[in-house]
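Read through the structure below, which is laid out as structure tokens, and then see the notes.
The values are calculated or read from the model by the stated rules, or taken from the named source; none is laboratory data. Since the structure is predicted, the reported quantities are computational estimates derived from the model, not experimental observations. Positions of Cβ are generated from backbone atoms using ideal geometry, with glycine treated the same way; all protein chains shown enter the neighbour counts.
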Amino acid sequence: MSGSETETQTEIPGLPARLYSASPSKLSMWLDCPRAYRMRYLDRPSPPGRAQRAHTSVGLVVHNVLRDFWDLPEHARTPDAVRELVRTSWIDVGFRDAEQSARWRARITDEVLDYLRESDRSTQPAGIERTVGLKTATLALTGRIDRLDDRDGELVVVDYKTSRRPLGRDDARTSLALAFYAQAVARLFRRACTRVELHHVPTGEVVAHEHTPESLERKAAEAESIGRDLRAADASYAELGVESPVFAPRPSALCRWCDYRQHCPEGQLMGPEQQSWAALEPQE
Ligand code: SF4
């Protein structure tokens, strides 16, 4: 999160409204639960979150390995190099015990190897973990693209997914973040960028969507609409603090995973907290 994301962005009478700074995750947290948004972005000091879960550790490792892989010279992009990257990148946090951590390290090694076997390892991506920004009439969006491919002159946005949950057919089409990345890339490189892809590393499945100028405009309008709500919510917080009525809790199945559950009585009513490795081994 950038520092500008935490400041309350109020308007000054007589001056044009400042652009509202946000990331895709900030917008989506507001949609998921205004209470969680308040605790994450506005309350200071921020309530302490819970310890990192095992699936978060796995996600970070996979992203880091798939970043560092492309830094290797082409001749060094071997299975042994991938095994070594997973070994040295492994984050041993959130697992039940050392046996579970070791088992998942072996499994993730195999999944990343299988994923890379299906990739064109000889073509260097146009960008890896590239930070991009986009200004609209009211928003200043920033974010980071996992991978940007240049395939036969076409720029393609690639986002890695590491959840055990399979991808949905519409996930690439409906993603605000992917549409924003495509627009940001098009402006940055002054080239068309309409294709966005989700790569599900555990299975190798790719879910893609081809945007049109109209669909990108619709997504930008959607982001601006959320940004307007956030600007109003932030102003309400600046005036009323935690007494503001706009940060109502939104209890759902997500509450059992929420980092702020210990500070939220309504969320605690949704059932016991999930074990920190439950997203990897839900049957336990
Ligand atoms: S526990 Fe549920 S209702 Fe409470 S902040 Fe988290 S997501 Fe929102």
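Within segment 19-64, the set of residues being surrounded by 15 or more Cβ atoms within 10 Å (Cβ to Cβ), over 16 Å from the mean Cα position of the chain (by Cα), more than 21 Å from Ala179 (Cβ to Cβ) and away from the ligand (no atom under 16 Å from the Cβ) comprises Ala54 only.
Tell me the helices (runs of 4 or more DSSP H) entirely within segment 171-266 that contain at least 1 residues that are within 16 Å of the ligand (Cβ to nearest atom) and out of contact with any Lys or Arg (no Cβ under 6 Å at 6 or more places or on another chain). First the steps, then the outcome.
On the way: elements: 171-174, 176-189, 213-240.
By residue number, 213-240.
Within segment 142-158, if we keep just the residues that are surrounded by fewer than 20 Cβ atoms within 10 Å (Cβ to Cβ) and acidic (Asp, Glu), the residue that is farthest from Tyr20 (Cα to Cα) turns out to be Asp152.
Residue under question is Ser101, and the condition is that it be surrounded by 18 or more Cβ atoms within 10 Å (Cβ to Cβ), more than 22 Å from Asp68 (Cα to Cα) and of a type in the set (S, T, N, Q); does it hold?
Working: surrounded by 18 or more Cβ atoms within 10 Å (Cβ to Cβ): yes; more than 22 Å from Asp68 (Cα to Cα): no; of a type in the set (S, T, N, Q): yes.
Against the criterion (surrounded by 18 or more Cβ atoms within 10 Å (Cβ to Cβ), more than 22 Å from Asp68 (Cα to Cα) and of a type in the set (S, T, N, Q)), Ser101 does not qualify.
Scanning segment 125-141 for residues that are touching a Phe, Trp or Tyr at 6+ places or on another chain (Cβ under 9 Å) and at pLDDT below 95 turns up just one, Thr138.
Could you check segment 253-284 and list, in sequence order, the residues that are surrounded by fewer than 16 Cβ atoms within 10 Å (Cβ to Cβ), of a type in the set (Gly, Ala, Ser) and within 20 Å of Arg164 (Cα to Cα)? Hit for segment 253-284 is Ala253, nothing else.
Inspect all residues belonging to segment 165-176 and state whether any of them is crowded, with 20+ Cβ neighbours inside 10 Å, farther than 29 Å from Trp104 by Cα and under 20 Å from the mean Cα position of the chain (by Cα). No, the conditions are met nowhere in segment 165-176. Among residues of segment 233-247 that are closer than 18 Å to Pro47 by Cα, those with a beta-carbon under 7 Å from a residue that is modelled with pLDDT under 95 and surrounded by 11 or more Cβ atoms within 10 Å (Cβ to Cβ) at least six positions away or on a different chain give the pairs Asp234/Thr8; Asp234/Gln9; Tyr237/Thr8; Ala238/Thr8; Ala238/Thr10.
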